[in-house]
Amino acid sequence: MFKLQNIEFKNILQIDSIELKEHVTTAILGSSGGGKTTFLKLLNNMISADKGTIYYKDKDINNYDPVELRRKVVMLPQDPEIFKGTIRDNFIITEKIADKKHAGDDIYKNILKQVSLPKFLEDKAEDLSGGEKQRLALARVMLLEPEVLLLDEPSSSLDQETEEKIISMVVNYAVKNSRTLIMVTHSPAIAEKYADRIINIESGRIIK
Amino acid sequence: MENGMVNIQLISLVFAYIFVFILLLIVKKKKIGHEQEIILASVRMTIQLVAVGYLLKYVFANQSPFYSILILLVMEIFAIYNIYGRIDAEISLDFKKTIAVSMFAGTSISILFFVLIVIGLEPWFRSDYFIPLSGMLIGNSMTGISLGVNHLIGGFRDNKRLIENYLMLGAEPMYAVEKISNRAFYNAVLPTINSMMGMGIVFLPGMMTGQILAGASPVTAIKYQIAIMMGILGSVTLTVFFMVNRGSKTFFNKRKQLKIK
Ligand SMILES: Nc1ncnc2c1ncn2[C@@H]1O[C@H](COP(=O)(O)OP(=O)(O)OP(=O)(O)O)[C@@H](O)[C@H]1O
Ligand SMILES: [Mg+2]
């Protein structure tokens, strides 16, 4: 799905070559400041490499319209912004952002169930707890049905249990709907348990 | 006396400078400082006004489209540099260009419309009308655009994370910043709207006061004031609209990535 060749980004990231296959769940491990978020942002073209080429489906990502690419390769950032208003508003705003057809309450409720967020669509999104907000943000991304899901580890420290719960849900979703999932985590145990493949990034380099 | 206007004698004018000395005295006594600045400001005002007075006297006596346009350009350039000076952040060359072009285009369109259609000035370049009216439109647009620019920059800075979240969900840049640019536009136009609210009750506008002092009937003065107020509103609206629309785009690069740090 992705092929990276001789990538350099500032002096933050250097990658000789790596391929990420379709329908494979990849976990990215590495210490803080190593370049994991930077790596994800290169994949959805939130940033551009100074050198080298990234291919998405064998086409240079610079040849995609960036917005078109970001609608296929959706990233859930480390600390997602919850939009003002209700949970339903969050879904509707997301649809408008991505220029998508209005899905409707039934689909919203179904997604809330998938991320085990037992709330009403009328509930205020701002009143949700940290972990619940994370799940709502995930639900918004799932609504977009991306080909690739880039999941950055939440920076607000969720407890291990909550984090694992969220990850198992995403992995479950990705497998069931045959999506490609690339997720950052600090926990080798979670990576071992849920990912098909593990990549380590330390000081801007992929190490074996 | 000219045109029934009470002229100020040169000698009496000197007395007006007493106010500067009062200020200087207070500042010195209270050790507030900045005496040099006050003196400089007074001297500059005097020299600048005298120079402009003689310049305008010459220009009014020698009507020519060339002079009108030349002075218009000088005012535009001065206004644009003034806007740059009022921006409290570093901005891209692209944004600077946008500001200059918006200012120039917005005010020019409004001035032409105003002079040709609203007042029906004949000839259109009649400088004793053309120059002061243009000055008012340019001055107000300058204030509006400065406000708009600072609100736009602040909006981008404060909402960087939100904008990035929008982009990551697949938003077109202009959709992601719609609220920010709308707010910048509104905040830039608001003072003009507010000044219309209080007009005639809270204060008599400078131009109207001037005309009445110069002996015009208050009714004529009001007609001009209404017209000029509309002209100002139009000019501020256009310049700020151009600036916000094109300006928002300068915060993104070709790959639709946010350029601010
Ligand atoms: N746009 C940028 N310009 C300059 N430096 C940056 C930029 N983005 C990130 N960095 C720096 O690059 C390094 C890698 O950052 P990155 O966010 O990718 O790390 P990370 O592995 O995701 O860390 P964490 O686990 O703490 O989230 C850090 O030192 C960071 O300060
Ligand atoms: Mg990170």
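The values are calculated or read from the model by the stated rules, or taken from the named source; none is laboratory data. Nothing here was measured: the structure is a model prediction, and the numbers come from that model. Backbone-built Cβ (ideal geometry, glycine too); neighbour counts: all protein chains shown. Each accessible area value is taken on the protein alone, full model and side chains, heavy atoms only, with ligands, DNA and RNA left out. Shrake-Rupley method; radii C 1.70, N 1.55, O 1.52, S 1.80 Å.
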Number of partner chain Cβ atoms within 10 Å, mean per residue of A:44-55: 2
Between the Cα axis of helix A:130-143 and the main Cα principal axis of chain A, the angle (0 to 90°, nearest 10) is 80 degrees
In peptide A:66-76, what is the residue-averaged number of other protein chain Cβ atoms found within 10 Å of each Cβ? 4
Cleavage-rule hits, trypsin sites (Lys or Arg not before Pro), region B:225-260, DSSP coil, Cβ neighbours within 10 Å at most 12: B:K254, B:K259
Write out the GluC sites (Glu not before Pro) in region A:90-181 meeting two conditions: DSSP loop, and at most 10 other Cβ atoms within 10 Å of their Cβ. A:E122
Given Cα pairs under 8 Å that are at least 6 residues apart, what percent is the relative contact order of chain B? 26 percent
Residues whose modelled amide H sits under 5 Å from the amide H of A:M75, counting only those 5 or more places away in sequence or on another chain, are A:L150
What average number of partner chain Cβ atoms lie no more than 10 Å from the Cβ of the residues making up A:77-88? 2
Cut-off under 14 Å on the C-alpha distance; same-chain residues fewer than 8 positions from A:K101 excluded. Which aspartates and glutamates are left, in chain and number order? A:E145
Which whole-Hz couplings ³J(HN,Hα) result when phi for each residue of region B:220-230 is put into the Karplus expression 6.51 cos²θ - 1.76 cosθ + 1.60, θ = phi - 60°, listed in order with x for Gly and Pro? 5, 4, 5, 4, 5, 5, 4, 4, 5, 4, 5
Shape call for region B:1-62, from the Cα gyration tensor axes a ≥ b ≥ c (a/c under 1.5 means rounded, otherwise prolate when a/b beats b/c, else oblate), comes out oblate
Difference of contour (0.36 nm per residue) and Cα-Cα distance, A:K21 to A:S116: 31.3 nm
Students often forget the sequence filter, so: which lysines lie under 16 Å Cα-Cα from A:K59 once same-chain residues fewer than 8 apart are removed? A:K3, A:K21, A:K72
Determine the residues within region B:220-261 where the difference in accessible area between the chain on its own and the full set of protein chains amounts to at least 40 Å²; count protein heavy atoms only and use a 1.4 Å probe. B:R255, B:K256, B:Q257
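Can you give me the % of accessible surface on the protein assembly as shown that is carbon or sulfur? Probe 1.4 Å, all protein chains present, nothing else counted.
Taking all protein chains in place, the protein assembly as shown shows 60 percent carbon and sulfur surface.
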Residue-wise HN-Hα coupling along region A:166-177, computed from phi with Karplus coefficients 6.51, -1.76, 1.60 (Hz; x: Gly, Pro): 5, 4, 5, 5, 5, 4, 4, 4, 4, 5, 4, 9
Rounded to the nearest 10 degrees, what's the angle between the helix B:178-198 long axis and the longest principal axis of chain B, both from Cα atoms, 0 to 90? 20 degrees
Long-range amide H partners of A:E153 with built H, under 5 Å: A:V184
Only residues of region B:101-130 count here: report those whose backbone N is under 16 Å from the spot 7 Å along Cα→Cβ of B:N245, or say none. B:101-110
Would you mind checking which residues have amide H under 5 Å from A:T86's amide H? H placed 1.01 Å from N; only 5 or more apart, or other chain. A:A125
Using the Cα centre as the reference, give the magnitude of the dipole from point charges on the C-beta atoms of region A:2-207 (Lys, Arg: +1; Asp, Glu: -1; all else neutral), rounded to the nearest 20 debye. 360 debye
Which residue, B:F21, B:L10, B:L55, has the largest displacement toward the positive end of the dipole of region B:1-62 when charges sit on each Cβ (Lys, Arg +1; Asp, Glu -1)? B:F21
Please report, in debye to the nearest 20, how large the charge dipole of the protein assembly as shown is about its Cα centre when each Lys and Arg carries +1 at its beta carbon and each Asp and Glu carries -1 there. 480 debye
Could you order the peptides B:89-98, A:190-199, A:82-91 from most to least packed, using the average number of other C-beta atoms within 10 Å per residue? A:82-91, A:190-199, B:89-98
What is the extension gain from B:N82 to B:V50, computed as 0.36 nm multiplied by their sequence separation minus the C-alpha to C-alpha distance, in nm to one decimal? 9.4 nm
The ³J(HN,Hα) series, computed from each phi in region B:35-40 with the Karplus coefficients 6.51, -1.76 and 1.60 at θ = phi - 60°, rounded to the nearest Hz and given as x for glycine or proline, is 4, 4, 4, 5, 5, 4
B:I260 versus B:V74, label points 7 Å from Cα toward the beta carbon: distance in nm? 3.7 nm
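Ranked from highest to lowest mean number of other Cβ atoms within 10 Å per residue, what is the order of the peptides B:74-82, B:139-147, B:9-17?
B:139-147, B:74-82, B:9-17
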Where A:R135, A:R205 fall by accessible area, highest first, once all protein chains stay in place (1.4 Å): A:R205, A:R135
For region B:201-261, give the magnitude of the charge dipole about the Cα centre (Cβ charges: +1 Lys/Arg, -1 Asp/Glu; no others), in debye to the nearest 20. 860 debye
Quick one: how many Å² of B:V6 are accessible to a 1.4 Å probe, rounded to 10? 110 Å²
Between 0 and 90°, nearest 10: helix A:105-114 axis offset from chain A longest Cα axis: 60 degrees
Going down the table (A:K100/A:K208; A:K41/A:K113; B:K57/B:K96; A:K10/B:K97; A:K96/A:K193; A:K10/A:K193), which pairs top 31 Å between alpha carbons? A:K100/A:K208; B:K57/B:K96; A:K96/A:K193; A:K10/A:K193
